[in-house]
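Note sheet for the following structure.
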Amino acid sequence: FNAMMSNFGKGVKRAAETSYQRIGSALPGRATESELMHYTDLLAELCSKCQVIDDWYCYLEAERQEKIRAGMPRGSDDIAKLELLLTEHCSISQFMREVVCELMLRDIEQLLNRYLRKSRKSFARALWDEDQPLDM
């Protein structure tokens, strides 16, 4: 099951990367401030919703530990179900890290590179204008 999920995750990752590259070349080079703010809000909302996965993992792990401390045998049906759910949550978490976070980090990297490039140009222009003698 884990191998199947891992292969599925890798396939989805490849498809997401291909789509991302196609979209990246089709997007305009300029974005308005409102578009960037909307994008920022969407990223924040996505990150907030992803916290649910972490919360569920912590809850399931606490339940498993509680059952083990209560003396329930490790091979019991309840513990086996919890461990299966924990394994599935790890697969989901891996997918989120390898696909969603990767895409978000690439976007942020592109935005920062664009900002730095524009800042350098602006600084160079200001410096160039300073060095030019004033015509009177």
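The numbers here are math on the coordinates, done by the rules we state, and not lab data. Please read these numbers as outputs of a predicted model, since none were measured by experiment. All Cβ positions, even for glycine, are placed from backbone atoms using ideal geometry, and neighbour counts span all protein chains on display.
Look through region 84-127, keep the residues that are closer than 29 Å to LEU60 by Cα and touching a Leu at 6+ places or on another chain (Cβ under 9 Å), and return whichever of them is surrounded by the fewest Cβ atoms within 10 Å (Cβ to Cβ).
Per the criteria, the residue is MET104.
For region 93-113, which residues satisfy the criterion of being free of Cβ contacts under 8 Å to residues at least 40 places away in the same chain and among the basic types (Lys, Arg)?
The answer is ARG97, and nothing else.
Hey, can you tell me all the residues within region 65-79 that are among the hydrophobic types (A, V, I, L, M, F, W, C) and either surrounded by 12 or more Cβ atoms within 10 Å (Cβ to Cβ) or closer than 16 Å to ASP55 by Cβ (or both)?
Here is the first cut: in region 65-79, the residues among the hydrophobic types (A, V, I, L, M, F, W, C) are 68, 70, 72, 79.
The answer is ILE68, MET72, ILE79.
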